[in-house]
Amino acid sequence: MMLRININEALESLSSAKQRTVLALIGIIIGIGSVIGMISIGEIVKNQALKQFEDMGINIITVSKDYDSPNKMVTFPLSGTLALGKHVPGIASVAPYIVSGTQFSHGSKNAFIDMLGVTQSFFDICKLTVREGRLISDLDSYRYFCIIGSDFADSLQKSGTKNVLGSDFKFGKRIYTVIGVINKVSEGGGMLPGGLNKGVITHITTASRSFEERGINTFLARLKKIQPVPVLQRELNHYFGAKQRGLTIKVSTAEQLIEGMGKQMRLFTLLLGAIGSISLIVGGVGVMNVMLVSVTERRKEIGIRRALGAQQSDIQSQFIIESVTLCLAGGIIGILLGITVSYIFAYFAKWDFIVSYAAILLGVGVSTAVGVFSGFYPAREAARVDPITALRGE
Amino acid sequence: MLRLIDIHKTYKVGPEEVEVLKGISMTIEKGELFAIIGPSGSGKSTLMNTMGLLDKPTSGSYFIEDTQITYDDDRVISTLRNRKIGFVFQSYNLLPRKTAIENVGIPLVYRGLKKNEIKEQSMEYLKRVEMDKWANYKPNELSGGQQQRVAIARALVGNPAIILADEPTGALDTQTGQEILTFFKQLNEKEGITFVIITHDPDIARQCKRMAELRDGVITDRQRKVDR
């Protein structure tokens with residue numbers, strides 16, 4: 001009951017000093033806004049990265065050449081890699097690939113794009129699906145067929161190519177026929193080689209003949225069941241060591257990647273927490289200042305209320321509630337601002353927008369705490385006002 | 001009703017101590033219309049603040065309705081002030097942001113009454129001071145006399161034991177002042193409400209049932225019965 005009256009009271013008195021109220025709010029809005037915005041963006045990034053694992057599953061590993069290995073020139077042998085499933089128990093399927101940057105010229109347009117040479121198994125492991133035409137199959141060995149990413153296809157269509165499918169384009173020194181377009185994949189932070197949506201894919205045998213970079217440095221593998229990294233590493237080193245002298249390998253699992261991301265997120269959060277805390281302290285001091293001015297201005301009112309029977313604790317809670325109301329108003333505006341910023345971020349990054357409810361809760365909690373903290377001292381001053389002098393002074 | 005026994009009050013002004021009340025003893029009975037008269041600086045405001053529990057005497061005892069006042073707990077003192085005392089000030093002391101009816105309701109807010117109860121009772125008291133038509137006006141939209149009526153309603157609303165009025169007519173013209181005083185007299189006679197009026201104006205004091213004169217912190221003229 002008292003609380004509701006006090007909240008009305010607070011709103012009334014805050015709106016009677018609008019300019020001052022708004023100025024005090026700016027600090028809180030920026031503080032809460034930046035914290036909420038950053039947390040939301042962090043959530044969006046995390047969500048996006050995890051989505052890839054959801055698509056692909058987490059029983060995927062990336063095996064890459066250890067660049068510190070004794071023989072730097074050596075790469076994975078294609079047939080040996082493809083036969084891995086037969087020799088190493090626990091490996092279900094493998095997808096070696098070659099990546100190479102390639103010049104692409106089309107009309108007046110010149111671009112540098114990523115080209116990928118893959119086997120048929122790549123599409124299955126990466127869960128890539130076809131939007132138009134068909135995927136590359138192992139029967140396309142040594143043929144200049146390619147499939148392209150959805151963004152690339154869209155941009156070709158925009159620049160005047162009506163039928164992308166079946167058209168010929170020159171990538172590097174060779175001309176390829178487009179036989180398919182793949183559906184958009186979620187990118188960033190996962191296991192997939194980057195740039196698939198804007199890139200071109202051909203068969204690995206074609207790639208080994210025409211790419212500037214022809215060695216296989218990396219392959220993906222799907223495990224039958226999740227195994228510890230050291231075991232995998234030992235088995236694979238044993239296998240490849242016998243095949244290719246001087247080749248050592250490095251394994252990274254989905255789990256490792258997720259864990260690494262978690263570490264990064266924690267660091268990120270800590271940094272943001274620090275920035276947010278500083279701006280909130282500054283905002284809190286602003287609110288405290290406004291509240292102190294308000295107490296000084298309303299000494300007479302305090303005197304009258306005391307004469308009419310207000311206890312010191314009534315006066316104190318009135319001013320604390322006023323300060324909390326002020327900070328909560330700032331907090332709510334800040335939360336909206338932060339969410340808007342993260343929405344804009346997600347929109348331009350073309351990532352899924354999610355609202356982090358934990359962040360909203362945190363925003364409300366923190367702004368309440370700032371309100372109590374910065375209202376406490378002014379409220380105590382208000383409660384200590386001597387009613388006699390307050391009533392006497394005009 | 002109110003009993004003061006040998007009340008002393010000393011203020012520290014810089015290094016010096018100034019004794020404002022020098023042993024005041026007096027009794028005010030229920031249903032009295034009592035005037036305390038004295039020139040400025042005589043200590044009458046301090047006396048009223050002491051009676052109104054806003055100030056704590058340096059020594060002496062004070063009883064309200066046979067309860068001796070102890071000054072160590074703000075909650076107890078504030079509650080007593082809320083329930084037993086109604087103040088009427090020279091400068092009305094209404095809260096400028098609040099309407100007449102809201103101002104009247106403030107003492108009830110601190111009793112923890114419900115909103116509609118507060119509104120109902122405030123309206124009832126506004127009617128008694130004939131200000132119900134002005135319930136939703138703010139103080140600066142009312143004349144001095146009207147504001148003082150609202151302040152009186154506010155003093156009455158909690159049904160206190162006593163109304164303390166500090167120069168209630170001081171800011172009003174003679175005619176309006178007289179109206180307010182007449183109103184006090186009516187309330188006193190018809191409803192038996194106890195009033196203590198502090199004033200420097202002998203004309204006002206003369207209209208009260210009983211008066212005491214305060215000079216330099218002592219009562220010089222002993223609470224004589226005013227002939228009427």
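Among beta bridges from DSSP that stay inside the protein assembly as shown, the antiparallel ones total about 70%. Label separation (residue A:289 vs residue A:229): 5.1 nm, computed from points 7 Å beyond Cα along the C-beta direction.
For the peptide B:76-84, the mean number of other protein chain Cβ atoms found within 10 angstrom of a residue's Cβ is 4. Shown in residue order for the stretch A:118-128 are the 3J(HN,Hα) couplings computed by the Karplus curve 6.51 cos²θ - 1.76 cosθ + 1.60 at θ = phi - 60°: 9, 9, 4, 5, 4, 5, 6, 5, 8, 6, 8 Hz (x for Gly and Pro). Counting lysine pairs in the stretch A:69-247 whose alpha carbons fall under 15 angstrom apart, excluding pairs fewer than 8 residues apart on the same chain, gives 8.
Set the Förster distance to 45 Å, then compute FRET efficiency between residue B:70 and residue A:368 from the Cβ-Cβ distance, nearest 0.05.
According to the calculation, E is roughly 0.75.
Straight-line reach from residue A:18: taking Cα to Cα under 18 Å and skipping same-chain neighbours fewer than 8 places apart, the aspartates and glutamates in range are A:9, A:297, A:322. In order along the stretch B:102-117, the phi-based Karplus estimate (6.51 cos²θ - 1.76 cosθ + 1.60, θ = phi - 60°) of 3J(HN,Hα) comes to 5, 4, 4, x, 3, x, 6, 4, 7, 8, x, 6, 6, 4, 6, 5 Hz; Gly and Pro are listed as x. Rounded to the nearest whole Hz, the Karplus-based 3J(HN,Hα) values (6.51 cos²θ - 1.76 cosθ + 1.60, θ = phi - 60°) of the stretch A:155-161 follow the sequence 5, 5, 5, 5, 8, x, 7, with x at glycine and proline. Each distinct pair of alpha carbons in the stretch A:69-247 adds a 1/r term; the inverse of their mean, the Kirkwood radius, is 17.2 Å. Seen from residue A:61, the other residues with C-beta closer than 13 Å to its C-beta sum to a net charge of +2, counting Lys and Arg as +1 and Asp and Glu as -1.
With only Cα atoms counted, the stretch B:158-208 has Rg and Dmax values of 10.7, 30 Å. Please name whichever of A:82, B:200, A:229 sits farthest to the positive end of the charge dipole of the protein assembly as shown, dipole taken about the Cα centre and charges placed at Cβ: Lys and Arg +1, Asp and Glu -1. Value: A:82. Charging the Cβ of each Asp and Glu at -1 and of each Lys and Arg at +1, and nothing else, the dipole of the stretch A:69-247 about its Cα centre rounds to 240 debye.
Based only on Cα atoms, what mean projected area does the convex hull of the stretch A:213-309 have, in nm²?
Projected area, direction-averaged: 14.6 nm².
Extending 7 Å from the Cα toward the beta-carbon at both residue A:380 and residue B:22 defines two label points whose distance is 4.1 nm. Based on the Stokes-Einstein relation at 25 °C and a viscosity of 0.890 mPa s, and on the Kirkwood radius from alpha carbon pairs, the protein assembly as shown is assigned a translational diffusion coefficient of 77 µm²/s.
From the alpha carbon centroid of the stretch B:148-217 to that of the stretch A:13-41 is 49 Å.
Full extension of the chain segment joining residue A:261 with residue A:214 gains 13.8 nm, where the gain is 0.36 nm per residue of separation less the Cα-Cα distance. Take B:190-198, B:32-40 and order them by the average number of nearby Cβ atoms within 10 Å per residue, most first; the result is B:32-40, B:190-198. For an R0 of 22 angstrom, estimate the FRET efficiency from the Cβ-Cβ distance between residue B:220 and residue B:11 and round to the nearest 0.05. Approximately 0.55, to the nearest 0.05.
Between residue A:137 and residue A:184, what FRET efficiency follows from the Cβ-Cβ distance if R0 is 35 Å, with the result rounded to 0.05?
About 0.95, to the nearest 0.05.
Amide hydrogen proximity for residue A:101: with H placed 1.01 Å from N in the peptide plane, the residues at 5 or more positions away or on another chain lying under 5 Å are A:115. Note on residue A:205 and residue A:83: the extension gain reaches 42.3 nm, defined as 0.36 nm multiplied by sequence separation minus the Cα-Cα distance. Take every DSSP beta bridge whose two residues both sit in the stretch B:2-225; close to 55 percent of them are antiparallel.
Every number in this text was worked out from the coordinates using simple rules, so none of it is lab data. Small disclaimer: the values here were computed from a predicted structure and weren't measured. As a convention, Cβ positions derive from the backbone with ideal geometry for all residues, glycine included, and neighbour counts pool all protein chains shown.
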